Every structure is written in structure tokens, then in C-alpha cells.
Amino acid sequence: MKWNLREAARALDMTEREVLRFVREGTLPASRIDDRYSFNPVEVQEWGAARNRKMAPDVIPPNGEPPQMLSLASAIARGGIHYDIAASTKNEVLDAVARLPGVPAHLDRALLAEVLRTREGLASTGIGGGIAIPHPRDPVVLHVETPIVLLCLLARGVDFEAIDGQPVRVLFTLLSPTIPLHLRVLSRLAHALHDDVLCQLLAKRSAPEAILARIRQLEIHMNGSVAEGGP
């Protein structure tokens, strides 16, 4: 699965000229054959998330067919909202996440911790503002049946080498059955995290009901935007 320039621009909610500028600067990975650019969707989404881009709330498949309905709130409800995760280092955080009850029982927890650490070794998943989005680079290896997001509120800030240098206090760990679903969960989450009300709820460590209710409200707007063909 590859994206062309138009699809990459849509996913990042940017103009094609803006995308080309970042490609030519060497910051956005792309392949070029003759005068055509192609993009790895995972690299595009991770590049946008790392720069805290308010990306399009959904990824439309290249064949133009609308994606199946996906609920970020339901994915978080499946993984759970976990408070006061105690850890002092990035690896300790990832090890603690792998032990949480929201991880499906059939998963090899040592493997999960390993793939999370491996992905973090490629580049920090800290997106700024005290938030990180750890996830496997290849989600298929874990064999989950449906998207799961574990929301963790740490007991103390932990250095994740985030883009803004701030310690991370909030983690969203993504587990997805396929790359297309991984891309869609990541795009929805990156879009939602630009909402001031949601960010305040996370900072205040609000109750799960309040956090999930706000995400459901945001998804109503996301679904309407996609149905209308908007970003």
C-alpha cells in the first residue's frame, strides 16, 4: 500500500505544495520515480503525529471506497484508562503498559514490550504537550482482532525525548489488527488531541466517563466531516 502526493497531502491536511517542500527538505520520507512521488502511509502518519499535526480525522483507501466505521472511544474503552502508572524511565513505562489488564490475554506481553521499545528506538513517539503515542511499527505481528487503545496517565513525568522536550505524562498505546486500521486510529487520535477541552480533561486526570464522553462528541464531528468529504 502506497500513497501518491494527493493522498499524502490529504492525510496530513496540507497542500501538495507544502508536502513537496518537506520532501525536498529531506524531512518527509518519499520515493520518486520519474516525476511521481510515492509515500509509505505509516511513515507519513508517524511524521505528522511526531510534529503534532492536526491530520485528517480518517484515512480514505486509495480505491476511493469509504472506510468501515471506526470508533476511537470504543477502542479506548476496550483498552481501558489507567491511572498512576509508576515508572521512572521510558523503558519502564513501556514494560508497565505491556502488563496492563487492557492488553488481550492471548498476547505475549514480553513481545509487546519488546516491539514497543524497538519502535521507540527508531524515533520518539512523544508528540509534545506531555503526550506520547507508543505503538508497534508493524501492528500485524501482535495478532489482535480489533483496535485497542490503552490510555495511561503516569504518576510522574517521564523523559521520552519528545519533540518539545517536555516530560510525558499521558500515553495512548495503539494496538491494531491491520496497517489500514492502525493508520485510521492514529489519524483520529492525532486529530482529537488538538481539542483543548480533551487536553484539559487529560491534564486534570478526569474520570473515564468524562474523557470518553468528550471523545465521542469529537467523533460525531469527525464522522460528519468525512461524510461531507471534508478534511
note = The summed charge of the Ser71 Cβ neighbourhood (under 11 Å; Lys/Arg +1, Asp/Glu -1) stands at +3
key: Crossing angle, helix 16-25 versus the chain [Cα axis fit, 0-90 degrees, rounded to tens]   = 70 degrees
ask   = Can you list the lysines whose alpha carbon sits under 26 Å from that of Lys2, skipping same-chain ones fewer than 8 residues off?
value = Lys54
task = Could you tell me which of Leu112, Pro180, Val140 has its Cα farthest along the dipole of the chain towards the positive end, charges placed at Cβ (Lys, Arg +1; Asp, Glu -1), taken about the Cα centre?
result = Leu112
ask   = Between Glu16 and Ala155, what FRET efficiency comes out of the Förster formula 1/(1 + (r/R0)^6) with R0 = 35 Å and r the beta carbon distance, rounded to 0.05?
value = 0.20
request  = Can you tell me which of 12-21, 33-42 comes out highest on packing, and rank the rest after it, using the mean Cβ neighbours within 10 Å?
outcome  = 12-21, 33-42
query = Using +1 on the beta carbon of Lys and Arg, -1 on that of Asp and Glu, and nothing else charged, what's the dipole of the chain about the Cα centre, debye to 20?
reply = 180 debye
inquiry  = Normalised radius of gyration for the range 87-126, please: alpha carbon Rg relative to 2.2 N^0.38 Å, two decimal places.
reply    = 1.14
task = Evaluate Rg over Rh across the range 1-124, taking Cα atoms for both radii and Kirkwood's formula for Rh.
result = 1.04
inquiry  = Quick check on packing: order 196-207, 130-141 by the mean number of other C-beta atoms within 10 Å, highest mean leading.
reply    = 130-141, 196-207
key: Dipole magnitude of the range 1-53 about its Cα centre (Cβ charges: Lys, Arg +1; Asp, Glu -1), debye to nearest 20   = 60 debye
ask   = If you average over every viewing direction, what projected area does the convex hull of the Cα atoms of the range 72-227 give, in nm²?
value = 8.4 nm²
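Where a number appears in this text, it was derived from the coordinates with a stated rule and is not lab data. This is a predicted model, so every value here is computed, not measured. Note that we place each Cβ from the backbone using ideal geometry, even for glycine, and neighbour counts take in every protein chain shown.
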